[in-house]
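The values are calculated or read from the model by the stated rules, or taken from the named source; none is laboratory data. In this text, all values refer to a predicted model and were calculated from it rather than measured experimentally. Glycine gets a Cβ as well: all are built from the backbone with ideal geometry, and neighbour counts include every protein chain shown.
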Amino acid sequence: MADSGDSKGATSESAAAESDAMDCPSLEGSDDSDWEECDDDESGGRVLDLFSNEELASAEDVFQHCKTEHQFDVQKFAVKNKLDMYGYIKFINYVRSKNPSPTDISDACTATKAPWDSDQYLQPVLQDDPLLFYDVEEWTTQSAVAMETEDSDITLPGQQYRALLETLHQAEARSEVTEGQLHDALKDIDRLRQTAKSFILSDQHALRPSHGAVAQLREDEDAAYFSSYSHFSIHMDMLQDKVRTESYRDFILTNQHLFKDKVVLDVGCGTGILSMFAARAGASQVIAVDQSEIIYKAMDIVRENHLDHIIKLVKGRVEDIQLPVEKVDIIISEWMGYFLLFESMLDTVLYARDRWLAPGGSVYPDRCTLSLVAIGNAKMHSNRVAFWDDVYGFKMTCMRSEVTREGSVEEIDPETVMSEPSLIKMVDCCSVSVAELDFTADFSLTATRDGTCMGIGGYFDIMFEKDCTNKVYFSTAPNCMKTHWKQTLFLLEKPVELKQGDLLSGKISVKKNKKDPRALVVRIEITNTGQMLDFQLQ
């Protein structure tokens, strides 16, 4: 690794001044025109009638207008034809696109398959059509309940409706039907209301539950992991990491030839920042996937930046979903964890690569390296390890091994580095296999000064190189600009004395924790002293 100094946060072989002046999307705000447009939407724009060019004040007015002027009761039609939320959305978009008359619709209902029963009608015909966001589930439920009390034979759609009727019958038996009880019975239906907006932008298959015990078990195991990425603070930390974000920005926007008219897959899209960079670089389509709840905010962000015609967001685990395309040209992802491989998100990227990447396609970043250095921080070692030799006059030396079993993520003072780096792993993201991410390697650290080695530090470098006109790379080394990844420190139970030029040799193995595949087990063997240390990174 070349020594980059403090300036090596994000390096490009093109002029840095140009990247600073680039017109990039911002998540921190928008210009006045954006706010004015939002205000107009908030004030309640006119709603286009279903069967004419007349504009009305609200969705309710449209439904009433259809009933009185066109003799078409949308509510009764939806109940009679058992339209669920998605069926209703398809129906509205079908009418918007095909302009049938009410009579044509009635005739179409006699067919074996309704003409609107096609996924093509999930795509909105009118931007921000208020009719698509109408609470059709509660509306249909209330109508169905009313018709049930009139001895109608209508079958309620969905498990929630059957539960509702059971609740109502029980309440009638007790003669205690109240508005509050009805509200409680409808709680489950509220969940469906929240998915209407997301479904319009999301892939239909991504919202289907996983089948099979193994897939369900993985989802349960991953619940806490994905939940952690639902909180805005972690995304703010990543976005504010200039080394990280500007490196991706510079790579994408100074290598637009890679993205022009290409289909791009963004794995673990978060707030969608990489997807928006790719859209700005000329991608014809960007598919952004994330399992955490942050994707709903990403949908709003993409729409706010008027990129929803290019970026399609899909909620779900990459291993479970279906994409709207057979192949993609480029996969981008910010998958790196502490000590590079912590969190095992690279496994997911490689799964996406093997399943969807077209021949000749690329994964970015395309190359990564993992390195070690010797650390000589006596104060840190004393505070954390030697401390247990005398605790208020008592020996607790058995605790030393417990302390050194956990690798710590922290900022290592570059002044404490006392060796040249030793490369232990190089990853080519376009060809590496998941099995190769568990590895064993020899290391040899050449001391740059006299001193006592108290621990071993780890860091990684990231490269964007393949077919790039402007190659970009960044490092998380202690002597480089700080990142949110910091460095990883493995403290030695027994320090090692070194003279300048001495070699600290050993072997390191890195593998996933069998009980928690997102955590790492690291074993370091120091040849000089015969120490064998096992660390957990979790």
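Things to note:
- Residue satisfying condition, being in contact (Cβ under 8 Å) with a residue 60 or more places away in the chain, at positive phi and of a type in the set (D, E), within set D467, D461: D467
- Failed item in (1) under 24 Å from the mean Cα position of the chain (by Cα); (2) within 24 Å of D413 (Cα to Cα), with N479 passing the rest: (1)
- Where helices (runs of 4 or more DSSP H) fall wholly inside region 256-373, the ranges with 3 or more residues that are β-branched (V, I, T) are 294-304.
- Residue that is surrounded by the fewest Cβ atoms within 10 Å (Cβ to Cβ) [pool: residues in region 416-445 that are more than 18 Å from M532 (Cβ to Cβ) and either of a type in the set (V, I, T) or in contact with a Cys (Cβ under 6 Å, 6 or more places away or on another chain) (or both)]: V434
- Restricting the first member to region 375-401 and to residues that are assigned to a helix (DSSP H, G or I), and the second to residues that are at pLDDT below 80 and polar (S, T, N, Q), the beta-carbon pairs closer than 8 Å and six or more apart or on different chains are W388/T397; D389/T397.
- Filter result (of a type in the set (D, E, K, R) and either in a helix (DSSP H, G or I) or buried (at least 19 other Cβ atoms within 10 Å of the Cβ) (or both)) within region 51-104: E60, D61, K67, E69, K76, K80, K90, R96, K98, D104
- Residue in region 507-526 that is among the polar types (S, T, N, Q) and surrounded by fewer than 18 Cβ atoms within 10 Å (Cβ to Cβ) present: yes
- The residues on offer are L346, L357, and the sole one that is surrounded by 14 or more Cβ atoms within 10 Å (Cβ to Cβ) and in contact with a Phe, Trp or Tyr (Cβ under 6 Å, 6 or more places away or on another chain) is L346.
The rows are residues; the columns are (1) small (G, A, S); (2) in a loop (DSSP other than H, G, I, E, B).
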site	(1), (2)
C430	no, yes
D442	no, no
K466	no, yes
F474	no, no
A477	yes, yes
V496	no, no
Q500	no, yes
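- First in region 241-266 and more than 17 Å from K466 (Cα to Cα) and among the acidic types (D, E), second anywhere and at pLDDT 95 or above and surrounded by fewer than 21 Cβ atoms within 10 Å (Cβ to Cβ), Cβ under 7 Å, 6 or more apart: D261/G282; D261/S284
- Matching residues in region 339-390 - criterion: being out of contact with any Cys (no Cβ under 9 Å at 6 or more places or on another chain) and of a type in the set (S, T, N, Q): S344, T348, T369, S371, N377, S382, N383
- Residues of region 299-329 that are touching a Phe, Trp or Tyr at 6+ places or on another chain (Cβ under 9 Å), closer than 23 Å to A281 by Cβ and surrounded by fewer than 22 Cβ atoms within 10 Å (Cβ to Cβ): L323, V325, E326, K327, D329.
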